[in-house]
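The values are calculated or read from the model by the stated rules, or taken from the named source; none is laboratory data. All figures in this text were calculated on a predicted structure; none of them were measured in a lab. Cβ atoms come from the backbone with ideal geometry, glycine included; neighbour counts cover every protein chain shown. What goes into the accessible areas is simple: the full protein's heavy atoms, side chains included, and nothing from ligands, DNA or RNA. Shrake-Rupley method; radii C 1.70, N 1.55, O 1.52, S 1.80 Å.
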Amino acid sequence: RAPDVAFFSRATLPKGTVLSEPIPDLVPDLAAEVLSPSNSRGEMADKLKDYFFAGVKLVWYVDPRTRTVDVFTAPDASHTLAAADTLTGGAVLPGFAVPVPELFG
């Protein structure tokens, strides 16, 4: 699986690694998917399980249609952020924060 956006912490990367491949053979710390009308619920549930089984620590499902972000810390642990909320990176991406509306410009 290859997410739409992936974040790799320095601790995740082998020492001295510079990512030059479009899809590296590494497990990201954060995987983000931008949902499209063609994504089925079953497909996204399968991706979620695969990401966490592989070792991803945080998953975001960004839905442009509803202008929401589903934040998953486990396959069965999530919360939904809307216009009044701020998306953060939690322990995976400390210091990252963006108001949800800014994601949708």
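Between Leu87, Leu13, Leu48, the GNM of the chain built on Cα springs shorter than 10 angstrom shows Leu13 fluctuating the most. Take the chain and mark each of the trypsin sites (Lys or Arg not before Pro) that is in a DSSP loop with at most 16 other Cβ atoms within 10 Å; the longest unmarked stretch, sites excluded, is 16-64. Across the alpha-carbon set of the chain, the Rg to Rh ratio works out to 0.96, Rh being the Kirkwood radius. What you get for the chain, charging only the Cβ of Lys and Arg (+1) and of Asp and Glu (-1), is a dipole of about 140 debye around the Cα centre.
Principal axis extents of the Cα atoms in region 49-88, from largest to smallest and rounded to whole angstrom, are 31, 18, 15.
For the chain, the longest principal axis of the C-alpha atoms and the axis of helix 41-54 are separated by about 30°.
Rolling a 1.4 Å probe over the protein heavy atoms of region 4-100, with every protein chain left in place, gives an accessible area that is 57 percent carbon and sulfur. Restriction of the GluC sites (Glu not before Pro) in region 24-105 to DSSP coil positions whose beta-carbon has at most 13 other beta-carbons within 10 angstrom yields no sites.
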